[in-house]
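Engineer: Supplied in structure tokens, the structure appears directly below.
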Amino acid sequence: MTIYLKKFGTLLNGRMLGKEAFAAFLPSLKDVQGNEKIEVDCDGVDVFSPSWGDEFLSSLINKFGDRVVLKNAQGPSVKSTLEFLEGINKMKFKIED
Amino acid sequence: MFMKDMKNKLLTIKQAADKLGINPQTLRRWDKSNRLVSVRGENNYRYYKKQDIEEYIKNNLDDILKMARNWVLNDPGIEPLSGFYCKDSAVFQARLTRLRNELSKTESLKDKYFSITSVTGEIGDNSFGHNLGNWPDIMGIFFAYDLKKRKIVLADRGQGVLSTLKKVKPELNNHLDALKTAFTEVISGRSPESRGNGLKYVKHTVVSNEMKLFFQTGDAELQIKESDFNLNIHKASIKFRGCLALIQF
């Protein structure tokens, strides 16, 4: 399954909104198969704040572990926030080109 | 002239002065010189149309920091002018989007408008996140920007950093240490949630993007600037309960 972040908006900010976005998307995740990869496509996201990113991505990773893979994560805001979260949370995101 | 149905659109001279952050005597002087004209009530007291005050402020954005500082110091607290008031996070999100749109049109900011927006977003979001359901008097934040002067100001009359962090780090007993903790340690004032990184991100982004930040809470203030990882924390000359931030870019 692919999750297109831009469908949540191009300015993704705020812990509460990140949490809400994940909660709203949960029903769409119920049909994910056992080994299915979860691709998170970051294309088109203009402003990606760590509060939103942490809430959404951490919840996703807690649920699906290393099956979560990020794509199109080269945008400057996305890239810098992912690097920051990796440092703060002492982890590495799986990122594909 | 002074009609009952206009009452809710009028401000007393004290209310108008508070919104402008000036003395009522100054308003009387401005009235006489036609700089900002009042409406006389049935009692012959001066009243001011809310719209006139809002227009005046929009046209005289000479110091949004001063305006915000006056707002956090007002006693009793009053709501800021509607143009600068984000009562809840939905309003803030809408205005943050407008700021992003305006910044992104500036050619010289094309490499950093998203950083400016996300720093602004994190500071505003922090105010809402830490005070939701616990605002001491006026809920929401003051949020104004002056793109010509490249300044963004945010302020809240919330609990302040010390009070918030004390819940998870009870040994904190002054604003200076609380401010340092907020900008350096991974600690959440929203325990039992384990996360708290908004202000660390703000510091990191300001230092890396030719920006400057002034931040005050209680009687502690800090200044962060490009390529300087020092927080430059010191005691402020005035004290208030919430938070005040100035972002320059």
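Engineer: Report the FRET efficiency, 1/(1 + (r/R0)^6), for B:Ser108 and A:Leu26, where r is their Cβ-Cβ distance and R0 is 56 Å, rounded to 0.05. Don't jump to the answer; show the numbers that get you there.
Structural biologist: Working: r = 42 Å, r/R0 = 0.75.
Calculated value: 0.85.
Engineer: Taking other Cβ within 10 Å of each residue's Cβ, how do B:Phe183, B:Phe215 sort, fewest first?
Structural biologist: Working: B:Phe183 20, B:Phe215 26.
Lowest to highest Cβ neighbour count: B:Phe183, B:Phe215.
Engineer: Once you have the Kirkwood Rh of the range B:82-248 from its Cα pairs, apply Stokes-Einstein at 25 °C and 0.890 mPa s and quote D in µm²/s. The partial results should precede the final answer.
Structural biologist: Working: Rh = 16.0 Å.
Here the translational diffusion coefficient equals 153 µm²/s.
Engineer: Now for a separate question. A:Ile3's amide H: which non-local residues (gap 5+, or another chain) put their own amide H closer than 5 Å, with H modeled 1.01 Å from N in plane and none for Pro or chain starts?
Structural biologist: For A:Ile3, the qualifying residues are A:Glu39, A:Val40, A:Asp41.
Engineer: With just the Cα atoms of the protein assembly as shown, tell me how far they stretch along each of the three principal axes, in Å, largest first.
Structural biologist: On the principal axes, the protein assembly as shown reaches 78, 42, 39 Å in Cα extent.
Engineer: What does DSSP give for the protein assembly as shown in terms of the percent of beta bridges that are antiparallel, rounded to the nearest 5? Mind showing how you got there, number by number?
Structural biologist: On the way: 35 of 46 bridges.
Antiparallel bridges: around 75 percent, rounded to the nearest 5.
Engineer: So, one more: Using helices alone, what [θ] at 222 nm do you get for chain B, with -39,500 (n - 2.57) per DSSP H run of 4 or more residues, divided over all residues and rounded to the nearest 500? Before the final figure, lay out the partial values.
Structural biologist: Details: 9 runs with 100 residues, N = 249.
Value at 222 nm, helices only, nearest 500: -12000 deg cm²/dmol.
Engineer: Would you mind getting me the FRET efficiency between A:Lys92 and B:Asp63? Use the beta-carbon distance for r and R0 = 56 Å, nearest 0.05. The partial results should precede the final answer.
Structural biologist: Numbers: r = 45 Å, r/R0 = 0.81.
With R0 = 56 Å, the Cβ-Cβ based efficiency is 0.80.
Engineer: Now for a separate question. Can you give the helix-only mean residue ellipticity at 222 nm for chain A, where every DSSP H stretch with n ≥ 4 adds -39500 (n - 2.57) and the sum goes over all residues, rounded to the nearest 500 deg cm²/dmol?
Structural biologist: Values: 3 runs with 40 residues, N = 97.
When only DSSP H runs of four or more count, the value is -13000 deg cm²/dmol.
Engineer: Another question about this same structure. Between B:Ser227 and A:Asn62, what FRET efficiency comes out of the Förster formula 1/(1 + (r/R0)^6) with R0 = 41 Å and r the beta carbon distance, rounded to 0.05?
Structural biologist: Working: r = 36 Å, r/R0 = 0.89.
Step by step, r from the Cβ atoms, then E = 0.65.
Engineer: Let me make sure I get this right: for the range A:2-96, a, b and c are the square roots of the gyration tensor eigenvalues over alpha carbons, sorted descending. Under 1.5 in a/c it's rounded, otherwise prolate if a/b > b/c, else oblate. Which is it?
Structural biologist: Numbers: a/c = 1.43, a/b = 1.23, b/c = 1.16.
In terms of gyration-tensor shape, rounded.
Engineer: Just want the ordering: A:Trp52, B:Trp135, from fewest to most Cβ atoms lying within 10 Å of their own Cβ. Mind dumping the intermediate values first?
Structural biologist: Numbers: A:Trp52 31, B:Trp135 17.
Fewest-to-most ranking of A:Trp52, B:Trp135: B:Trp135, A:Trp52.
No lab work stands behind these numbers, since they all come straight from the coordinates. For clarity, every value in this text was computed on a predicted model and none was experimentally measured. Reconstructed Cβ throughout: ideal geometry from the backbone, glycine too, with neighbour counts over all protein chains shown.
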